[in-house]
1. Restricting to segment 176-205, name every residue that is among the aliphatic types (A, V, I, L, M) and more than 18 Å from the chain's Cα centre (by Cα).
2. Hey, can you tell me all the residues within segment 48-65 that are under 17 Å from His144 (Cα atoms) and free of Cβ contacts under 8 Å to residues at least 40 places away in the same chain?
3. Working only within segment 9-26, note down all residues that are free of Cβ contacts under 8 Å to residues at least 60 places away in the same chain and surrounded by 19 or more Cβ atoms within 10 Å (Cβ to Cβ).
4. State all residues of segment 170-201 that are of a type in the set (Gly, Ala, Ser), surrounded by fewer than 20 Cβ atoms within 10 Å (Cβ to Cβ) and under 28 Å from Met78 (Cα atoms); if no residue qualifies, say none.
5. Within segment 122-138, is even one residue under 28 Å from Met68 (Cα atoms), in contact with a Lys or Arg (Cβ under 8 Å, 6 or more places away or on another chain), touching a residue at least 24 places away in the same chain (Cβ under 8 Å) and not basic (Lys, Arg)?
6. Considering only segment 140-240, give the helices (runs of 4 or more DSSP H) lying wholly within it that have at least 1 residues that are of a type in the set (Val, Ile, Thr) and touching a residue at least 24 places away in the same chain (Cβ under 8 Å).
7. If you take the residues in segment 27-55 that are crowded, with 17+ Cβ neighbours inside 10 Å, modelled with pLDDT of 80 or more and not aromatic (Phe, Trp, Tyr), which one is nearest to His142 (Cα to Cα)?
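The values are calculated or read from the model by the stated rules, or taken from the named source; none is laboratory data. Quantities reported herein were computed from a predicted structural model and do not represent experimental measurements. So basically every Cβ, Gly included, is an ideal-geometry build from the backbone, and we count neighbours across all protein chains shown.
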Amino acid sequence: MRPVQDPSSRAYARLAGALYLVIAVAGGFSILYVPGALNVAGDPADTFANIAARRGLFHAGRAGDVVMMLAEVLLSVMLYFMFRPVNATLSLAASYARLMMVAVMAAMLFFHAGSLALADGRVPLGSFSEAQRLELAGLLRHVHDAGVWIWQIFFCLHLVLLGTLVARSGLYPRLLGAGLVVGGTGYLVDSVQMFALPDATGLAAVKVALLLIVTLAEIGFAFLLLLRGPRRTALRAAAR
C-alpha cells in the first residue's frame, strides 16, 4: 500500500484527509442525525417507543459509530507518523489521547445495546413493571451520555497536542494549529458545563464559541490534507 509508506508524502496526507471526512460523515449521522430523529426531549417513553419501532435506523446509527471508530484508529496512527519528526513525545501522546477517546466510545455501545433491549422488552424481566423497565433503560442512556463527557476530555487533550504540533511543524498554517488548541478546549468546557454547571448560560455561550472555532479549524485541516498536503518548501527544508 504505497500511500501509507511515506508519512511526508501528499498521498499519505490525502488519505488522512479522506479519513477525516469519513469520520465527519459517519459521526454526523450517528451522533447528530439518528438521536435527533429518535429522541423526544423530556419523554423517555416516546423515545424508547421510537427506538423499538425504528430499530433499523437505530442499528444504522450504531453501524455509523463503528465506521467512525475504525477510521479514528487509522487516523490516530497516521497523524502520529506525520508529526513524529516535529516532536515524537507530543505526537505519541496525541495519538494515545485519541485512541483513549475511541476506547470510551466503544464502551458506550454496551449501554446502547442495553437500553435497546430494555426499551423493546426483549430482555425477560418479569419482576419489573413496564415503567421500571423504561426507567432502567433511561438510566443506561444517562450513563451513555456521561461517556460523552469522558471522551471529550481525551479529545480536548488530543486537539491541544495536535494543534501544538501543527503550529510548530511549518507544514501547515499556524492559524490552524492555534484554532485546534484554543477551540479544542471547548470540549473540556462542554464536559464541565454539562456535568457540574448545567445552568451556567455564560459558560454555555463560551462553549459554543470555542466549539465553532475548533470545528472550522478541523474542517480546514481536513481539506488541506485532502487537497494540498504539507508545504513542499517545509518538506525540502526538513530533508536537508
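1. Leu176, Ala178, Ala196, Leu197, Ala200, Leu203, Ala204, Ala205, listed by residue number.
2. Answer for segment 48-65, where residues must be under 17 Å from His144 (Cα atoms) and free of Cβ contacts under 8 Å to residues at least 40 places away in the same chain: His59, Gly61, Ala63, Gly64.
3. Within segment 9-26, Leu19, Ile23, Ala26 meet the criteria.
4. Correct list: Gly170, Ala178.
5. no
6. Working: elements: 174-196, 201-227, 232-239.
Counting at least 1 such residues, we get 174-196, 201-227.
7. Restricting to residues being crowded, with 17+ Cβ neighbours inside 10 Å, modelled with pLDDT of 80 or more and not aromatic (Phe, Trp, Tyr), the top hit is Thr47.
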